[in-house]
């Protein structure tokens, strides 16, 4: 007996039918209505999976719970497989009204910092007698920390794919990069559209807002005032504040402790695999933005609880 049907014998509601009997018509209508809304055509296997899901969907006791808790339907669809990703994305759009704390990543989530990062990177490469990578390519390298950024750049400009931070020259270039970046980190970096409005609205609604970033503290302290964000966060945890960084959950736990909020009442909004991993490890909801520095991560297919295309979606679709 799988987790979807483990309590089927305890069914008491009129909308959930026991396993091997007819599936709940309300549940089937709910699933099929959304399929039609998305203009999807289901194969025979997908229809079979949908009916099996409805047949085994025993977590809820009334129709209101079915609608309110549709994220669990999404989980069942994923386990069964064979469903259209667009349908899965639709079901996985859960509301955030019940969240008491919103934790934000920094680079690629609240702020577009790639221009300054790339500028500092190219300056460091020039000082080393090497060609720069430019903004377009440099932006694609951003997102996994300064060390990886320098590694990727060196591998590219030298055509040596074996260069890592274990190489003394790579570590030296990292030091030069950080020196250059400290000078320019707040020159052209800018907030993504809606960042200020979203934070202000969340605060007005009584939510707590935290910053959890792998970026070193000295850069965070330089950039926040320049971006007019120096006094908006209830907790700030930077990359060198603790012994570990994301995806380790310690930074998330520290922010939640600062705010006195349980993981079940919080979410982490980010753009990378490190953010997704930290959210999962800490037991908070994971929300990924589609416009950040995701690298090779396919944000719509990686299992995040929600994907947003604009920061304003956090408050406009807060159901």
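Restrict the check to region 169-191 and report whether at least one residue is touching a residue at least 40 places away in the same chain (Cβ under 8 Å) and assigned to a strand (DSSP E or B). Yes, the conditions are met somewhere in region 169-191. Being modelled with pLDDT of 95 or more and within 19 Å of residue 195 (Cβ to Cβ) holds for only one residue in 256, 229, 243, and it is 229. Filtered by the rule that a residue be touching a residue at least 40 places away in the same chain (Cβ under 8 Å), farther than 30 Å from residue 137 by Cα and in contact with a helix residue (DSSP H, G or I) (Cβ under 8 Å, 6 or more places away or on another chain), region 263-295 gives 266, 267, 284, 285.
Per the listing 224, 242, the residue uniquely within 27 Å of residue 315 (Cβ to Cβ) and either surrounded by 19 or more Cβ atoms within 10 Å (Cβ to Cβ) or in contact with a helix residue (DSSP H, G or I) (Cβ under 6 Å, 6 or more places away or on another chain) (or both) is 224. Checked against (1) under 23 Å from residue 178 (Cα atoms); (2) more than 16 Å from the chain's Cα centre (by Cα), residue 233 passes all but condition (1). Within region 122-150, being in a helix (DSSP H, G or I) and within 26 Å of the chain's Cα centre (by Cα) holds for 135, 136, 137, 138, 139, 140, 141, 146, 147, 148, 149, 150. Residues that are under 19 Å from residue 100 (Cβ atoms) number at least 2 in the following helices (runs of 4 or more DSSP H) confined to region 203-319: 250-259, 273-282, 313-316.
The values are calculated or read from the model by the stated rules, or taken from the named source; none is laboratory data. This structure is a prediction, so every number in the text was calculated from the model and none was measured. Ideal geometry is used to build each Cβ from the backbone, glycine not excepted, and the neighbour counts take in all protein chains shown.
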